[in-house]
Amino acid sequence: MGGMDDIESIKKLKARYFRTMDTKDWDGMRRVFTDDVVMDTTASGGSVINGADEFIDFLKQAIGPAVTVHHGHMPEIELTSPSTATGVWALEDWVKWESSGIHGFGHYYETYEKADGEWRIKSSTLTRLRLDVDGEQ
């Protein structure tokens, strides 16, 4: 498998990332990451988190109680070796807590790593073009 098959596998990986986040399938989401993933959510008020288990713990606290809708679009994926790749995804997300929410637009800048025949997210940096924050609705 190579080339377009790898790119398609990475697209499916990112689709699982969004689906498992929004359905709060934390075990399923954990499997999309390398153990040593680096997640940078500073553009949304988060931080740089090292490690998949640590990131899942962060998400459970940050968005566990919220209704979330994440859409990723227009992937730009480049294979950099047989086992590494980079990608950029346009993002729109909507997060609603009990009394507040956000509606954001931006991009994910990511790296991927293939091990044991499976692609996983190795690093991800979230950038924002716009982030609307609302209060009581």
Go through E92, E110 for me and flag whichever is in contact with a strand residue (DSSP E or B) (Cβ under 6 Å, 6 or more places away or on another chain), in a strand (DSSP E or B), among the acidic types (D, E) and under 16 Å from D6 (Cβ atoms). E110
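Okay, residues lined up against (1) among the acidic types (D, E); (2) in contact with a helix residue (DSSP H, G or I) (Cβ under 7 Å, 6 or more places away or on another chain); (3) closer than 20 Å to A62 by Cβ:
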site: H73; (1), (2), (3): no, no, no
site: I77; (1), (2), (3): no, yes, no
site: T84; (1), (2), (3): no, no, no
site: K96; (1), (2), (3): no, no, yes
Go through (1) within 18 Å of G117 (Cα to Cα); (2) open to solvent by less than 80 Å² (accessible area, probe 1.4 Å) for E78 and report which single condition fails. (2)
All positions within the range 1-39 that are in contact (Cβ under 8 Å) with a residue 24 or more places away in the chain, over 15 Å from G64 (Cβ atoms) and assigned to a helix (DSSP H, G or I): D6, I7, S9, I10, K11, L13, K14, A15, Y17, F18
For residues that are loosely packed, with under 14 Cβ neighbours inside 10 Å and at pLDDT 95 or above, tally how many sit in the range 38-56. 4
With respect to G72, determine if the residue is modelled with pLDDT of 95 or more and either in a helix (DSSP H, G or I) or open to solvent by less than 20 Å² (accessible area, probe 1.4 Å) (or both). no
Note on the range 101-111: residues open to solvent by less than 60 Å² (accessible area, probe 1.4 Å) and in contact with a Leu (Cβ under 7 Å, 6 or more places away or on another chain) are I102, G104, G106, H107, Y108
The lone exception for L91 - which of (1) under 22 Å from K11 (Cβ atoms); (2) without any contact (Cβ under 8 Å) to a residue 60 or more places away in the chain; (3) surrounded by fewer than 17 Cβ atoms within 10 Å (Cβ to Cβ); (4) among the aliphatic types (A, V, I, L, M) it fails: (3)
In the range 14-37, anything among the β-branched types (V, I, T) and either under 9 Å from the mean Cα position of the chain (by Cα) or open to solvent by less than 40 Å² (accessible area, probe 1.4 Å) (or both) is listed as T20, V32, T34, V37
Tell me the residue from E98, E118 that is open to solvent by 70 Å² or more (accessible area, probe 1.4 Å), at pLDDT below 95 and not polar (S, T, N, Q), please. E98
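The values are calculated or read from the model by the stated rules, or taken from the named source; none is laboratory data. What you are looking at is a predicted structure, and each value in this text was computed from that prediction instead of being measured. Because the Cβ atoms are built from the backbone with ideal geometry, glycine has one as well, and the counts that use them run over all protein chains shown. Side chains included, ligands, DNA and RNA excluded: accessible areas come from the protein's heavy atoms. Shrake-Rupley method; radii C 1.70, N 1.55, O 1.52, S 1.80 Å.
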